[in-house]
Amino acid sequence: MAILELVLGIFPAIKAIIIAIIPLGFLIFIHELGHFLAAKKAGIKVNTFSIGFGPRIVGYMYKGTEYRLSWLPFGGYVQMEGENPNEQTGAEGEFASASLGKRAFVVIAGPAVNLLFGVLAYWIVFSVGINAGTIGLINGLTGQAIGLEQKGVKIGMMADHSPALAAGVMSDDTIISLNGETISNQYKFKELVVLNPEKELELVVEREGNLKTFTVIPDTEPTIEGQGGILHVSFKEVTIVKQIVPRSLAEKAGLKIGDQIEAINGQRIYNTPYFGLEIWSDSPNWTFEKYRTIYEDINQNKDEITLEVRRSDEILTFNLPVEWDMKAKVVEKSTAYKAGIRTGDFLTTFNGQTVDSKSLYAQIVAGTDEPVMLGFVRDGTVNTYTLSPDDKSKSDTDGSFYGITWASFLSGMFLTEEEIPTQYYSLIGAFNNGLKTSWLTCTAIVRILKKLFAGEVKPNQLAGAAGIATMTYTMFENVGLNSLLFFIGFISINLAIVNLLPIPIADGGHLLFFALEKIRGRPIPLKAQAVIQQVSVILIIALFIYITWYDGLRLFHSLRN
């Protein structure tokens, strides 16, 4: 039994590793496959084509090439005759003996295959249709504005201590540019702010049809990588009624699912009010302070709340009493689940007392070792359950209460941010969008590389293999296959561009040597090539360890929080 529990316990970790590494290994494999096919076409002898790395499992010879399967099946490699400067003899069929054109063709084939796969992946993603999660990923990684207003980004709430507010920026202003760079989405804006802590930035906004220019100086906040800039602003959201409880106060007042909440008690709403238990914690989160203010304002007069609502092209006003309901979401096999509580149940009492978000948080934080009695209503029937610390289950998730997390309903309605609707394209439209997105991916990568070489971006702000693997697994578990496929396509295009950089051991380094050979009229001396490659290998390994270290720190920080 103990052995079985151990196996089941480590299985999720094994699953995570496999899901995260296989896509990256596949991209390396098709990269090497490009080199292999080009070498065969060019008449260069290929000694080994391996799927995976390390010791051989099985293999067979065919037309002078050993095709093998190796123990680590993540990626692969191609070993060509005379590829290593120390092994070159000048014999026919060696890589170094081929013409410059053939060698360049072989070298560039790897990145070309990665680029083509990226385009294909994007085509498939757009053909299937992109939901809000995938749209956010595409916008964030490429700088696009799919599903958004094409003209800038609107400011939502701002902290009282926000440098933007101090400079004169107002909620509902539309950001046009920052330091001369056009702002197409919030990710581009955040990137520029993070990279420029305590530096004067020129911010251009549009307000009521007029352009206004402000000078803002981002505050500094500590990050894993060092120091980053922050303006303490949010971006405007459309708040809608996502759910309405049958026979609730909201339904009786005439509210409908899809209604847009414009104002509460006369106060404009720029971001979706969040009334979860977390806002009552001691976290120094300025948005929590804003949400607490809205919550307390609503509670000042519980007899009536006034909502200004947009429905189609109409602006409607609704008045209704205030009533807070806490809806449970229960983890299967948790203590609460075993007691009989189910997702969708509404809390009525906690140890015999009615509670709302604020008082429920206080009760939970002040928790004792004594059992608690919870009253829940389901389908009009009230049931009481007793939960005891002695019964706690391994399935109780971190941050939950006996396996329960809570959603706050205001007078029977749940408010949320309006999502960008799923976008659908024809095959031709999908292909065109795939090409456009591939180009924007290339320009985004080149922009980051320029900033890296200019010192605006530090190497520890980049993601290495460990960081990429972590993000891959996270997207597989939480976002969906379409987003995962887009991300894999994005990494493939990254591999194509990075491999073309003039680094000696990369494909771009080979191309640089070929260019020098063309100019000089003779190859770079073999000894010089060997020394340059050895030094490059050492530097690349050092950079890899450096970046992986920060990948690990970021992962540890995310797990701890």
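List of remarks:
- Condition check for PHE49: closer than 16 Å to GLU83 by Cα and among the aromatic types (Phe, Trp, Tyr): yes
- The set of residues from the stretch 421-452 being touching a strand residue (DSSP E or B) at 6+ places or on another chain (Cβ under 7 Å) and farther than 9 Å from PHE126 by Cα comprises just one member, THR422.
- When the stretch 53-92 is limited to residues that are part of a strand (DSSP E or B) and modelled with pLDDT under 80, the one that is most open to solvent (accessible area, probe 1.4 Å) turns out to be LEU72.
- For VAL205: the one exception among (1) of a type in the set (Val, Ile, Thr); (2) more than 29 Å from ALA362 (Cα to Cα); (3) surrounded by fewer than 17 Cβ atoms within 10 Å (Cβ to Cβ): (3)
- Residue pairs meeting the criteria (Cβ under 8 Å; at least 6 apart or on separate chains; first in contact (Cβ under 8 Å) with a residue 12 or more places away in the chain and on the phi < 0 side of the Ramachandran plot, in the stretch 168-193; second of a type in the set (Ser, Thr, Tyr) and not in a loop (DSSP other than H, G, I, E, B)): ILE176/THR182; ILE183/SER177
Conditions tested, residue by residue: (1) modelled with pLDDT of 95 or more; (2) within 21 Å of LEU360 (Cα to Cα); (3) open to solvent by less than 30 Å² (accessible area, probe 1.4 Å).
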site: VAL241; (1), (2), (3): yes, no, yes
site: ALA250; (1), (2), (3): yes, no, yes
site: ILE257; (1), (2), (3): yes, no, no
site: ILE264; (1), (2), (3): yes, no, yes
site: GLN267; (1), (2), (3): no, no, no
site: PHE275; (1), (2), (3): no, yes, yes
site: GLN300; (1), (2), (3): no, yes, no
site: GLU308; (1), (2), (3): yes, no, no
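- Filtered residues of the stretch 93-108 (kept if open to solvent by 50 Å² or more (accessible area, probe 1.4 Å) and closer than 12 Å to MET80 by Cβ): SER97, LYS102
- Top-ranked residue in the stretch 519-561 [being under 22 Å from HIS35 (Cα atoms) and modelled with pLDDT under 70; ranked as surrounded by the fewest Cβ atoms within 10 Å (Cβ to Cβ)]: VAL537
- Yes/no for THR335 being of a type in the set (Val, Ile, Thr) and either touching a His at 6+ places or on another chain (Cβ under 9 Å) or open to solvent by 60 Å² or more (accessible area, probe 1.4 Å) (or both): no
- Here LEU116 fits the description: within 30 Å of ALA430 (Cβ to Cβ), free of Cβ contacts under 8 Å to residues at least 60 places away in the same chain and assigned to a helix (DSSP H, G or I).
- Top-ranked residue of the stretch 278-287 - restricted to ones that are among the hydrophobic types (A, V, I, L, M, F, W, C) and either surrounded by fewer than 19 Cβ atoms within 10 Å (Cβ to Cβ) or under 25 Å from the mean Cα position of the chain (by Cα) (or both), ranked as nearest to THR416 (Cα to Cα): ILE279
- Condition met for PHE414 (open to solvent by 40 Å² or more (accessible area, probe 1.4 Å), modelled with pLDDT of 95 or more and at negative phi): yes
- Pair list, Cβ < 6 Å and 6+ apart or interchain, from the stretch 93-105 residues that are touching a residue at least 24 places away in the same chain (Cβ under 8 Å) and part of a helix (DSSP H, G or I) to residues that are of a type in the set (S, T, N, Q) and open to solvent by 30 Å² or more (accessible area, probe 1.4 Å): ALA96/GLN88
- Test: GLY76 is out of contact with any Lys or Arg (no Cβ under 6 Å at 6 or more places or on another chain), of a type in the set (Gly, Ala, Ser) and in contact (Cβ under 8 Å) with a residue 40 or more places away in the chain: yes
- Residues that are charged (D, E, K, R) and over 17 Å from SER357 (Cβ atoms), drawn from the stretch 243-282: ARG247, GLU251, LYS252, LYS256, ASP259, GLU262, ARG268
- Residue match in the stretch 109-129 (condition: under 16 Å from ALA42 (Cβ atoms), open to solvent by less than 10 Å² (accessible area, probe 1.4 Å) and of a type in the set (Val, Ile, Thr)): no
- Complete set of residues in the stretch 135-192 that are in contact with a Lys or Arg (Cβ under 7 Å, 6 or more places away or on another chain) and buried (at least 17 other Cβ atoms within 10 Å of the Cβ): GLY143, LYS154, ILE155, GLY156, MET157, ASP173, THR174
- Filtered residue count, the stretch 477-518, keeping only those that are more than 23 Å from LYS450 (Cβ to Cβ), at pLDDT below 85 and β-branched (Val, Ile, Thr): 1
- All strands (runs of 3 or more DSSP E) inside the stretch 344-399 with 1 or more residues being open to solvent by 60 Å² or more (accessible area, probe 1.4 Å): 372-378, 381-387
- Test for ALA121: is it at pLDDT 95 or above and either within 30 Å of LEU511 (Cα to Cα) or of a type in the set (Gly, Ala, Ser) (or both): yes
- Filter pass, GLY258 being assigned to a loop (DSSP other than H, G, I, E, B) and of a type in the set (Gly, Ala, Ser): yes
- Annotation note: Cβ proximity below 9 Å between a residue of the stretch 41-63 that is within 20 Å of SER99 (Cβ to Cβ) and a residue that is open to solvent by 80 Å² or more (accessible area, probe 1.4 Å) and at pLDDT below 90 (sequence gap 6+ or interchain) occurs for GLY43/GLU92; LYS45/GLU92.
The values are calculated or read from the model by the stated rules, or taken from the named source; none is laboratory data. A quick note: this is a predicted structure, and the numbers were derived from the prediction, not measured. When we count neighbours, we look across all protein chains shown, and the Cβ atoms used for this are built from the backbone with ideal geometry, even at glycine. Each accessible area value is taken on the protein alone, full model and side chains, heavy atoms only, with ligands, DNA and RNA left out. Shrake-Rupley method; radii C 1.70, N 1.55, O 1.52, S 1.80 Å.
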